[in-house]
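The values are calculated or read from the model by the stated rules, or taken from the named source; none is laboratory data. Here the structure is a predicted model, which means the values were calculated and not measured. As a convention, Cβ positions derive from the backbone with ideal geometry for all residues, glycine included, and neighbour counts pool all protein chains shown. Accessible surface areas use protein heavy atoms only, side chains included; no ligands, DNA or RNA. Shrake-Rupley method; radii C 1.70, N 1.55, O 1.52, S 1.80 Å.
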Amino acid sequence: MPTQKQYDVTLQNVRQIDCKIAVLNYDYTLLDEISGLTKSIQLNVNADSDIRRTADVVINLKDDISKNQNHAFYWTAGNIYWFDKFIQIYTAIKDIRSGEDVWVNQGIYCINAPSISYDAASNELSFQAVDLVSKMTGMRDGQMQGTTTSIPADSSIKNAIETILLEQGFNNYILYDPPQARTVDDINIDAGGTAWDLLTQLRDINSNWEMFFDVDGIF
């Protein structure tokens, strides 16, 4: 739920929007931070899409070095230090009364790598981002290797989902027992399919059940 401060600043007639990007390791450990004045930002949430959260961001960087001095200039052309990491996007509206930036967590994403650009003349960074489901759909990872992957009939749906998540490197999750708790038939995914193909078949055994990542990267 939004705080009172977050609600109040959205009502301001004039809004200065800032953006900061936390660069995270795969265990969500903070590696570094990039910040700047937002030139444009489009954040989309679509509950009908497997990849619910997407973002298009253009920011004017505040300086030419990152917060962590050991990784200076790592967003310049040809340097892929953070392109394969997770990022957490925060936006802020400056409170015109106090001068305080009121920050909002907009979620954890993967960079949509082909879209990244950096303009050294204007110190401008732009990129597209997609939520962590992309790590399991084949967009950024998630292909099932080897032979056909099978889940036998009468398997626990909850346990099968947990196993897949752990195999894909995700250990922050909340899983509920669905009304239909066990698989009715064998579930088979051919080699070249994805972890998300398997997960969606398990999800769809129960109508209207959902799977997604929240803004803190919890499945």
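The C-beta contact set for the range 155-170 (first residue farther than 11 Å from Phe219 by Cβ, second residue open to solvent by 30 Å² or more (accessible area, probe 1.4 Å) and of a type in the set (Asp, Glu), distance under 6 angstrom, 6+ apart or interchain) comprises Lys158/Asp177. The range 100-219 holds strands (runs of 3 or more DSSP E) entirely within its bounds, and those carrying 1 or more residues that are out of contact with any Leu (no Cβ under 9 Å at 6 or more places or on another chain), on the phi < 0 side of the Ramachandran plot and hydroxyl-bearing (Ser, Thr, Tyr) map to 124-131, 149-151.
Matching residues to (1) under 26 Å from Thr54 (Cβ atoms); (2) hydroxyl-bearing (Ser, Thr, Tyr); (3) buried (at least 19 other Cβ atoms within 10 Å of the Cβ):
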| position | (1), (2), (3) |
| --- | --- |
| Thr148 | no, yes, no |
| Asp154 | no, no, no |
| Asp186 | no, no, no |
| Gln201 | yes, no, no |
| Asp204 | yes, no, no |
| Val215 | yes, no, no |
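Residues in the range 35-58 that are modelled with pLDDT of 80 or more, part of a strand (DSSP E or B) and not hydroxyl-bearing (Ser, Thr, Tyr): Lys39, Ile41, Gln42, Leu43, Asn44, Val45, Arg53, Ala55, Asp56, Val57, Val58. Of the residues making up the range 1-59, just one is open to solvent by 80 Å² or more (accessible area, probe 1.4 Å), within 14 Å of the chain's Cα centre (by Cα) and charged (D, E, K, R), namely Asp27.
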